[in-house]
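Have a look at the structure below, then the notes.
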Amino acid sequence: MQHPPVTALPTPSLDLCSEQEVTRLVHDFYARVRDEPRLAPVFTARVHDWDAHLAQLVDFWSAMLRGTRRFNGAPMPKHMAMDELDRDLFDRWLQLFRQTTAECANPPMQRLADDVATRIADTFWRRFQMLRWPQLPIAGAVRLD
(Lines give C-alpha, C1' and ligand atoms only; values in the text may rest on other atoms or scores of the structure.)
Protein backbone atom coordinates (compact mmCIF):
# COMPACT_ATOMS: atom_id res chain seq x y z
CA MET A 1 0.00 0.00 0.00
CA GLN A 2 1.49 3.32 -1.06
CA HIS A 3 1.00 6.43 0.99
CA PRO A 4 0.98 9.89 -0.52
CA PRO A 5 4.34 11.63 -0.12
CA VAL A 6 4.67 13.70 3.00
CA THR A 7 5.52 17.24 2.07
CA ALA A 8 7.87 18.94 4.46
CA LEU A 9 6.56 22.05 6.11
CA PRO A 10 8.11 25.32 5.06
CA THR A 11 10.53 26.74 7.57
CA PRO A 12 10.21 30.23 8.99
CA SER A 13 12.13 32.63 6.79
CA LEU A 14 12.05 36.17 5.50
CA ASP A 15 11.33 34.69 2.05
CA LEU A 16 8.23 32.80 3.20
CA CYS A 17 6.07 35.89 3.52
CA SER A 18 6.28 39.62 3.92
CA GLU A 19 5.73 41.60 7.09
CA GLN A 20 2.62 43.02 5.40
CA GLU A 21 1.24 39.50 4.91
CA VAL A 22 1.79 38.72 8.59
CA THR A 23 0.12 41.97 9.63
CA ARG A 24 -2.84 41.32 7.34
CA LEU A 25 -3.22 37.76 8.68
CA VAL A 26 -3.20 38.93 12.29
CA HIS A 27 -5.54 41.87 11.76
CA ASP A 28 -8.01 39.93 9.59
CA PHE A 29 -8.02 37.00 12.00
CA TYR A 30 -8.61 39.06 15.12
CA ALA A 31 -11.33 41.07 13.36
CA ARG A 32 -13.10 37.72 12.95
CA VAL A 33 -12.39 36.75 16.56
CA ARG A 34 -13.91 40.01 17.78
CA ASP A 35 -17.10 39.21 15.84
CA GLU A 36 -17.38 35.57 16.91
CA PRO A 37 -20.16 35.20 19.53
CA ARG A 38 -18.26 32.93 21.94
CA LEU A 39 -14.70 34.20 21.42
CA ALA A 40 -15.42 37.93 21.41
CA PRO A 41 -16.42 38.17 25.10
CA VAL A 42 -13.28 36.30 26.19
CA PHE A 43 -11.06 38.79 24.38
CA THR A 44 -13.15 41.85 25.26
CA ALA A 45 -12.83 41.03 28.96
CA ARG A 46 -9.02 40.98 28.77
CA VAL A 47 -7.79 43.12 25.89
CA HIS A 48 -8.08 46.79 26.75
CA ASP A 49 -5.64 48.14 24.17
CA TRP A 50 -6.24 46.38 20.86
CA ASP A 51 -3.54 48.34 19.03
CA ALA A 52 -0.88 47.16 21.49
CA HIS A 53 -2.27 43.61 21.53
CA LEU A 54 -2.31 43.38 17.74
CA ALA A 55 1.25 44.73 17.56
CA GLN A 56 2.39 42.02 19.99
CA LEU A 57 0.55 39.36 17.97
CA VAL A 58 2.16 40.59 14.74
CA ASP A 59 5.53 40.25 16.47
CA PHE A 60 4.62 36.70 17.56
CA TRP A 61 3.47 35.57 14.12
CA SER A 62 6.42 37.31 12.47
CA ALA A 63 8.67 35.19 14.69
CA MET A 64 6.75 32.01 13.84
CA LEU A 65 6.55 32.61 10.09
CA ARG A 66 9.53 34.82 9.24
CA GLY A 67 11.99 33.86 11.97
CA THR A 68 12.22 37.39 13.34
CA ARG A 69 13.00 37.74 17.01
CA ARG A 70 10.86 40.70 18.01
CA PHE A 71 8.33 38.82 20.13
CA ASN A 72 8.76 39.22 23.85
CA GLY A 73 6.03 37.65 25.90
CA ALA A 74 4.77 34.66 27.83
CA PRO A 75 1.32 33.75 26.49
CA MET A 76 0.94 30.43 28.31
CA PRO A 77 0.39 31.74 31.89
CA LYS A 78 -2.12 34.34 30.73
CA HIS A 79 -4.15 31.77 28.86
CA MET A 80 -3.97 29.20 31.67
CA ALA A 81 -5.51 31.73 34.08
CA MET A 82 -8.69 31.90 31.99
CA ASP A 83 -11.26 29.74 33.74
CA GLU A 84 -13.82 29.99 30.95
CA LEU A 85 -11.73 28.16 28.36
CA ASP A 86 -13.21 25.01 26.90
CA ARG A 87 -12.57 22.74 23.96
CA ASP A 88 -15.11 24.51 21.77
CA LEU A 89 -13.29 27.85 22.16
CA PHE A 90 -10.02 26.28 21.00
CA ASP A 91 -11.78 24.64 18.05
CA ARG A 92 -13.50 27.91 17.07
CA TRP A 93 -10.22 29.83 17.33
CA LEU A 94 -8.48 27.31 15.10
CA GLN A 95 -11.34 27.19 12.59
CA LEU A 96 -11.32 31.00 12.24
CA PHE A 97 -7.55 30.99 11.92
CA ARG A 98 -7.62 28.42 9.14
CA GLN A 99 -10.38 30.32 7.38
CA THR A 100 -8.18 33.42 7.47
CA THR A 101 -5.00 31.70 6.32
CA ALA A 102 -6.91 30.15 3.41
CA GLU A 103 -7.49 33.67 2.14
CA CYS A 104 -3.86 34.77 2.35
CA ALA A 105 -2.98 33.70 -1.22
CA ASN A 106 0.35 32.30 0.00
CA PRO A 107 0.07 28.48 0.29
CA PRO A 108 3.47 27.92 1.96
CA MET A 109 2.69 30.59 4.57
CA GLN A 110 -0.76 29.06 5.05
CA ARG A 111 0.68 25.58 5.63
CA LEU A 112 3.20 26.74 8.21
CA ALA A 113 0.77 29.10 9.96
CA ASP A 114 -1.91 26.40 10.17
CA ASP A 115 0.61 23.93 11.57
CA VAL A 116 1.84 26.41 14.19
CA ALA A 117 -1.73 27.37 15.15
CA THR A 118 -2.74 23.71 15.49
CA ARG A 119 0.27 23.04 17.72
CA ILE A 120 -0.51 26.11 19.85
CA ALA A 121 -4.16 25.15 20.29
CA ASP A 122 -3.24 21.56 21.11
CA THR A 123 -0.52 22.54 23.57
CA PHE A 124 -2.66 25.14 25.33
CA TRP A 125 -5.65 22.81 25.55
CA ARG A 126 -3.57 19.93 26.91
CA ARG A 127 -1.88 22.19 29.48
CA PHE A 128 -5.26 23.64 30.47
CA GLN A 129 -6.62 20.14 31.06
CA MET A 130 -3.58 19.12 33.11
CA LEU A 131 -3.94 22.19 35.33
CA ARG A 132 -7.70 22.00 35.78
CA TRP A 133 -8.25 18.25 35.92
CA PRO A 134 -4.94 16.58 36.80
CA GLN A 135 -6.66 13.34 37.78
CA LEU A 136 -8.21 12.83 34.33
CA PRO A 137 -6.55 11.38 31.25
CA ILE A 138 -5.73 13.96 28.58
CA ALA A 139 -8.29 14.11 25.78
CA GLY A 140 -7.17 14.02 22.17
CA ALA A 141 -5.89 16.86 20.06
CA VAL A 142 -7.96 19.83 19.05
CA ARG A 143 -10.10 18.86 16.10
CA LEU A 144 -11.99 20.44 13.27
CA ASP A 145 -15.20 18.70 12.30
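The values are calculated or read from the model by the stated rules, or taken from the named source; none is laboratory data. Predicted model, so just to flag it, every value in this text is computed and none were measured. When we count neighbours, we look across all protein chains shown, and the Cβ atoms used for this are built from the backbone with ideal geometry, even at glycine.
Which one of these does residue 69 not meet: (1) of a type outside the set (S, T, N, Q); (2) within 13 Å of the chain's Cα centre (by Cα); (3) exposed (fewer than 10 other Cβ atoms within 10 Å of the Cβ)?
Condition (2) is where residue 69 drops out.
Please work out which residue is farthest from residue 112 (Cα to Cα), limiting yourself to region 3-45 and to residues that are β-branched (Val, Ile, Thr) and assigned to a helix (DSSP H, G or I).
Of all residues in region 3-45, those β-branched (Val, Ile, Thr) come to 6-7, 11, 22-23, 26, 33, 42, 44.
With assigned to a helix (DSSP H, G or I) added as a condition, the list becomes 22-23, 26, 33, 42, 44.
Working: 22: 12, 23: 16, 26: 14, 33: 20, 42: 26, 44: 28 Å.
Selected residue: 44.
Can you tell me how many residues in region 16-33 are under 14 Å from residue 65 (Cβ atoms) and in contact (Cβ under 8 Å) with a residue 40 or more places away in the chain? Full working, then the answer.
Taking region 16-33 first, the residues under 14 Å from residue 65 (Cβ atoms) are 16-26, 29.
Filter once more, so that each one left must be in contact (Cβ under 8 Å) with a residue 40 or more places away in the chain: 16-17, 19, 21-22, 24-25, 29.
Counting residues in region 16-33 that are under 14 Å from residue 65 (Cβ atoms) and in contact (Cβ under 8 Å) with a residue 40 or more places away in the chain gives 8.
One line per residue, one yes/no per condition, for (1) touching a helix residue (DSSP H, G or I) at 6+ places or on another chain (Cβ under 7 Å); (2) surrounded by fewer than 18 Cβ atoms within 10 Å (Cβ to Cβ); (3) modelled with pLDDT under 90; (4) within 25 Å of residue 125 (Cα to Cα):
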position	(1), (2), (3), (4)
13	yes, yes, no, no
35	no, yes, no, yes
48	no, yes, no, yes
62	yes, no, no, yes
65	yes, no, no, yes
77	no, yes, yes, yes
100	yes, no, no, yes
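Can you list the helices (runs of 4 or more DSSP H) found entirely within region 46-134 that contain at least 2 residues being among the charged types (D, E, K, R) and touching a residue at least 12 places away in the same chain (Cβ under 8 Å)?
50-66, 87-101, 107-132
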